[in-house]
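Just so it is clear, none of the values below were taken in a lab; they were calculated from the coordinates. Keep in mind it's a predicted model, so treat the numbers as computed, not measured.
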There are 2 protein chains.
Amino acid sequence: MTQQKALVLFGHGARDERWKEPFLKLQELIAQDSNVRVELSFLELMSPSLPEVVDQLAIEGFKTIEVIPVFFGQGGHIRKDFPAILDACRNKHPEIQLSAKPAVGEDLGVLQAIAKYCAN
Amino acid sequence: MTQQKALVLFGHGARDERWKEPFLKLQELIAQDSNVRVELSFLELMSPSLPEVVDQLAIEGFKTIEVIPVFFGQGGHIRKDFPAILDACRNKHPEIQLSAKPAVGEDLGVLQAIAKYCAN
């Protein structure tokens, strides 16, 4: 059976496990509204890493994976670390179409929702 | 003249100046839809700091300041660093009513907007 596309949210990670809560809620919200597989991954301090998640999805036969960086700003993590991690995943799994969206902080709808929260 | 309330967005900060772009857009969006003063502040690596912004707003006569942490998760920065900074600001400026919202990642509307971006 051909697997559906998978989405992988990519966050920074933190020492405090409770930092992950909004990511778990996001995963739930996206899964509710679509039938795609949604996984979480982290740059540091939390697991799983993005390569670990891509490895697992590859084992399960997913051929299309889209990664969404759940970061506000595009600094060194998104401009340097993230492309290097993606490249390594692509080299390891040439059979997978691995794409990435801009960071969520680039989306006007997201910024408008934050602005609304701030102003209320 | 009594000054209006001021909003201060509080972000992590990064070495790359371009990291600040979504925060500048947020500032613009909030200012468009309200007539409150909106300032940016950062925990580290970028300036101004939150105490610097509060000092400036105090000089200008603002009596009510609301701080909004523009963070997804609530880890050590929000649970430990942020309350300590707020307490220091309150001790220095007892004349100001200084309040803080939960991090933007706690808001369902914000998470729904991110989920929508991820799923599209």
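Points worth noting:
- Calculated over the range B:30-72: convex hull of Cα atoms, volume per residue (Å³): 90 Å³
- Residue with peak Gaussian network fluctuation, chain B [Cα springs, cutoff 10 Å], from B:ALA100, B:ALA88, B:ALA58: B:ALA88
- Gap separating the Cα centres of the range B:79-93 and the range B:95-112, nearest whole Å: 16 Å
- Between amide H atoms placed 1.01 Å from N, distances below 5 Å from A:THR64 occur with A:ALA6, A:GLN97, all of them 5 or more places distant or on a separate chain.
- Only lysines eight or more places from B:LYS116 in sequence, or on another chain, were considered; those with a Cα closer than 18 Å are A:LYS5, A:LYS25, A:LYS101, A:LYS116.
- Relative contact order %, chain A, counting alpha carbon pairs below 8 Å whose residues are six or more apart: 29 percent
- Residue-averaged 222 nm ellipticity for chain A, from DSSP H runs of 4+ at -39500 (n - 2.57), nearest 500: -12000 deg cm²/dmol
- Among A:LEU43, A:LEU29, A:LEU98: highest mean-square fluctuation, GNM of chain A, C-alpha pairs under 10 Å: A:LEU29
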